[in-house]
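Notes follow once the structure below has been shown.
The values are calculated or read from the model by the stated rules, or taken from the named source; none is laboratory data. Note that the coordinates shown come from a computational prediction; the quantities given were computed from them, not determined experimentally. Note: ideal-geometry Cβ built from the backbone for every residue, glycine included; neighbour counts use all protein chains shown. With ligands, DNA and RNA removed, areas are computed over all heavy atoms of the protein, side chains included. Shrake-Rupley method; radii C 1.70, N 1.55, O 1.52, S 1.80 Å.
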Amino acid sequence: DVYKRQVFAIRFSEHLVMVLDPRRNAHRPELADARLEGRVEAARFVAGKMQRVIAPSTALRRAPADTAPLDTEALHGEHVAVFERREDGWCWVQLQRDRYVGYLRGSDLADPGAPATHRVIVPRSFVYPLANIKAPPLSWLPLGAEIAGRIHDDRFLALDDGGFIIARHASNISTWSPDFVAVAESFLAVPYLWGGKTGLGLDCSGFVQIALSAAGVAAPRDSDMQAAELGQRMNDFSALRRGDLVFWAGHVGVMRDAATLLHANGHHMQVASEKLADAVARIELRASSPITAVRRVLSTT
């Protein structure tokens, strides 16, 4: 994970003009979010239309093309504000959970529908056409997916959109995990994927974000945002404990205990657990980056 874009402050004579971070503010020279009128320059301002992700997950890309960089993913049930629908099927949107802006496929969106009642709490869960685990699955859902449904029996949850999932794979929408590190540990050996945030593939900051979200802690998407905004900054790097976030330039991991780091990384190409001292030595050697920050997350649970 690196700083995907930058925020600039430009001083003109006596005035300081802030260029809003385009990762979390929907503005282009030709089009911008109506809420930014008066703060940015654009030819046209529009109010976003609220939509809901209906795919298991969908890629949010930096440009309207399948070959464009994957900046992040939006999960099933996540709400997005749509500012532009293009003839080629791409939509320019802003995710409502973390405010990230980009392009995703309009075919993966629908009207908001009924409010979510449950949240998926395992890395992956199958959606079956019948309340029968032998039935060929229709689809799957990632951890953090929000769904509307009702208890069918002691084993299955019936989804309003059709299909069934294993009931114990989901929790009530208002219930949170008591230990986000335990959630993170459930992703051990998941492949590294730049921009990913599901059990099929994760990058370092997506890994941290999805684990914290399962515990009810809202986290920004990228590691520079997390290093600036999450929890409390710790000045003593020697007093680490389970749940502390450790940052390098463009990278983040979470401590399993005082000496062990869990992180999605391009060296192992998966979510790996290793001694912090080993990670520190390797990253300093290969990326010339020492630890830049440690943040202690103040859980909301």
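Just one of the listed residues (G89, G106) is on the phi > 0 side of the Ramachandran plot and touching a Lys or Arg at 6+ places or on another chain (Cβ under 8 Å), namely G89. Of the residues making up the stretch 222-242, those that are out of contact with any Gly (no Cβ under 7 Å at 6 or more places or on another chain) and either of a type in the set (A, V, I, L, M) or crowded, with 22+ Cβ neighbours inside 10 Å (or both) are D222, D224, M225, Q226, A227, A228, L230, M234, A239, L240.
Against the list (1) under 15 Å from the mean Cα position of the chain (by Cα); (2) polar (S, T, N, Q); (3) over 13 Å from V181 (Cα atoms), the condition S288 fails is (1).
State whether one or more residues within the stretch 227-239 are hydroxyl-bearing (S, T, Y) and closer than 26 Å to L143 by Cβ. Taking every residue of the stretch 227-239 in turn, none turns out to be hydroxyl-bearing (S, T, Y) and closer than 26 Å to L143 by Cβ. Is one or more of the residues making up the stretch 193-215 touching a residue at least 40 places away in the same chain (Cβ under 8 Å) and more than 18 Å from G144 (Cβ to Cβ)? There is at least one residue in the stretch 193-215 that is touching a residue at least 40 places away in the same chain (Cβ under 8 Å) and more than 18 Å from G144 (Cβ to Cβ). Across the stretch 161-178, the qualifying residues are those that are open to solvent by less than 50 Å² (accessible area, probe 1.4 Å), of a type outside the set (A, V, I, L, M, F, W, C) and in a loop (DSSP other than H, G, I, E, B), and the one among them that is farthest from V127 (Cα to Cα) is S177. Scanning the stretch 181-221 for residues being in contact with a helix residue (DSSP H, G or I) (Cβ under 6 Å, 6 or more places away or on another chain) and surrounded by fewer than 20 Cβ atoms within 10 Å (Cβ to Cβ) gives a total of 0. Of all residues in the stretch 40-59, those satisfying the criterion of being under 23 Å from P142 (Cα atoms) and either without any contact (Cβ under 8 Å) to a residue 60 or more places away in the chain or among the small types (G, A, S) (or both) are V53, A55, S57, T58, A59. Filtered by the rule that a residue be within 18 Å of P56 (Cβ to Cβ) and either without any contact (Cβ under 8 Å) to a residue 12 or more places away in the chain or out of contact with any Leu (no Cβ under 6 Å at 6 or more places or on another chain) (or both), the stretch 101-111 gives R105, G106, S107, D108, L109, A110.
For P129, the conditions (1) farther than 30 Å from L36 by Cα; (2) open to solvent by less than 10 Å² (accessible area, probe 1.4 Å) all hold with the exception of (2). Under 9 Å between Cβ atoms, which residue pairs at least 6 apart in sequence (or on different chains) link something in the stretch 128-149 that is modelled with pLDDT of 95 or more and among the basic types (K, R) with a partner that is open to solvent by 20 Å² or more (accessible area, probe 1.4 Å) and in a strand (DSSP E or B)? Listed by first residue and then by second, the contacts come to K134/Y128. Being surrounded by fewer than 20 Cβ atoms within 10 Å (Cβ to Cβ), in contact (Cβ under 8 Å) with a residue 24 or more places away in the chain and in a loop (DSSP other than H, G, I, E, B) is the filter here; which residues of the stretch 66-95 pass it? A68, P69, D88, listed by residue number. Hey, any hits in the stretch 275-283 for a residue that's in contact with a strand residue (DSSP E or B) (Cβ under 7 Å, 6 or more places away or on another chain), at pLDDT 95 or above and surrounded by fewer than 17 Cβ atoms within 10 Å (Cβ to Cβ)? Yes - at least one qualifying residue is present in the stretch 275-283.
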